[in-house]
1. Over 28 Å from Leu268 (Cα atoms) and either touching a residue at least 24 places away in the same chain (Cβ under 8 Å) or buried (at least 16 other Cβ atoms within 10 Å of the Cβ) (or both): which single residue out of Ala168, Ala98, Ala77, Ala62 fits that description?
2. Identify all residues within the stretch 1-42 that are more than 30 Å from Pro95 (Cβ to Cβ) and touching a residue at least 12 places away in the same chain (Cβ under 8 Å); write none if there are none.
3. Would you pick out the residues in the stretch 121-142 that are assigned to a loop (DSSP other than H, G, I, E, B), more than 13 Å from the ligand (Cβ to nearest atom) and charged (D, E, K, R)?
4. Say we look at the stretch 145-188 and pick out the residues that are of a type in the set (Asp, Glu) and within 16 Å of the ligand (Cβ to nearest atom); which of these is nearest to Asp296 (Cα to Cα)?
5. What do you reckon, is Leu99 away from the ligand (no atom under 16 Å from the Cβ) and out of contact with any strand residue (DSSP E or B) (no Cβ under 8 Å at 6 or more places or on another chain)?
6. When only residues in the stretch 101-140 that are over 18 Å from Leu218 (Cα atoms) and among the small types (Gly, Ala, Ser) count, which is surrounded by the fewest Cβ atoms within 10 Å (Cβ to Cβ)?
7. Just to be sure before I move on: is Gly191 assigned by TED's automatic domain parsing to the domain that holds Asp296 and outside any loop (DSSP other than H, G, I, E, B) in the structure I sent?
Amino acid sequence: MIDFRVLPEKASTFAESVDPLYWFLILFVGGFFLVVCAVVLYWGVKYRQRPEEDRPSYHPHAIKLEIAWTVVLVIIALGIFVWGSVLFFRAYDAPDDALEISVMGKQWMWKIRHPNGMRETNELHVPVDTPVRLTMTSQDVIHSFFIPAFRLKQDVLPAKYTTMWFKATKTGEYPLFCAEYCGTEHSTMGGRVFVMEPEAYAAWLRGEGGGEAPDDVLAAGRRLYDRLGCAACHTAGVENRGPLLEGIHGTTVEMTTGETVVVNDEYLRESILNPSYRVVKGYAPLMPSYKNQLEDEELMNLIAYIKSLPKQQVAIAEVK
Ligand code: CUA
């Protein structure tokens, strides 16, 4: 038997909700296509060329009919829009307790790192029934991380973090692709996603599956934090040149422009590479840029360390 599927296997909560919309669109558009074909044929026959005397009478307008079908179609189109938007927002709004995994695309492979520093290439091991959030960036050109079984695809860009999240629903092995043309080996840039029982994933994370030994991300981040002297400015005291970093991740802070920003990985990254672009209110743009001084990976370590800093009993940033 040939294993023929119209759609790939469904293995995430998101797949369950995307497929009905997909089928609705296909059937709706397909149905319309058939109706239009039928009407064209019917009228083609009905109004074929005939002698003058048996031609039907001519109706220039049918206002009620026109209004009716316009209104119905507008309602259906808005319904599809709302349906799609709800799914879109759900796809981008990860739960707070999601497991954080970082993904780096480069010509032509995917490098993945787990929260404890465990790494893998072209393979992604994740626990089943657990929300997982991927923070992704590229070392070179634009790639796109695509897991058909999860119905998720997201561009992976150089010099920027993009994210996506999923909750796998079924253990197993699923294909993973790069879905953005990225050079000669684009077609080979892919791998497999392994959805495992949480205990099996925990064992795998400890290196019991034959993977490489995990690096200590936080220790590496801490070394960078010390080497770069972040604490010299980001500390409470007389100097107080930069906002305190303890507990800052996930908070909302006000900028000098009055704009408010949620401090996430992307904002931390921007603040390290291009600090004067968006400065927290109450501080001067004194910080030098660390562009070209840090590898993407070091940047991820540093951000992971900053995220791990516990909140202290002091005001973080003056949000008035
Ligand atoms: Cu990477 Cu295509």
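The values are calculated or read from the model by the stated rules, or taken from the named source; none is laboratory data. Worth saying up front: this structure is predicted, and the values here are computed from it rather than measured. Positions of Cβ are generated from backbone atoms using ideal geometry, with glycine treated the same way; all protein chains shown enter the neighbour counts.
1. Numbers: Ala98 fails: over 28 Å from Leu268 (Cα atoms); Ala77 fails: either touching a residue at least 24 places away in the same chain (Cβ under 8 Å) or buried (at least 16 other Cβ atoms within 10 Å of the Cβ) (or both); Ala62 fails: either touching a residue at least 24 places away in the same chain (Cβ under 8 Å) or buried (at least 16 other Cβ atoms within 10 Å of the Cβ) (or both).
One residue alone meets the criteria, Ala168.
2. Going through the stretch 1-42, the residues more than 30 Å from Pro95 (Cβ to Cβ) turn out to be 1-4, 6, 26-42.
Within the stretch 1-42, just Phe28 meets the criteria.
3. Initially, the stretch 121-142 is screened for residues assigned to a loop (DSSP other than H, G, I, E, B), giving 122, 128-130, 139-142.
In the following step, the residues that additionally are more than 13 Å from the ligand (Cβ to nearest atom) were identified as 128-130.
Within the stretch 121-142, Asp129 is the sole residue that qualifies.
4. It comes out as Asp155.
5. Values: away from the ligand (no atom under 16 Å from the Cβ): yes; out of contact with any strand residue (DSSP E or B) (no Cβ under 8 Å at 6 or more places or on another chain): no.
For Leu99, the condition - away from the ligand (no atom under 16 Å from the Cβ) and out of contact with any strand residue (DSSP E or B) (no Cβ under 8 Å at 6 or more places or on another chain) - is not met.
6. Across the stretch 101-140, the extreme among qualifying residues is Ser138.
7. Details: assigned by TED's automatic domain parsing to the domain that holds Asp296: no; outside any loop (DSSP other than H, G, I, E, B): yes.
Criteria not met by Gly191.
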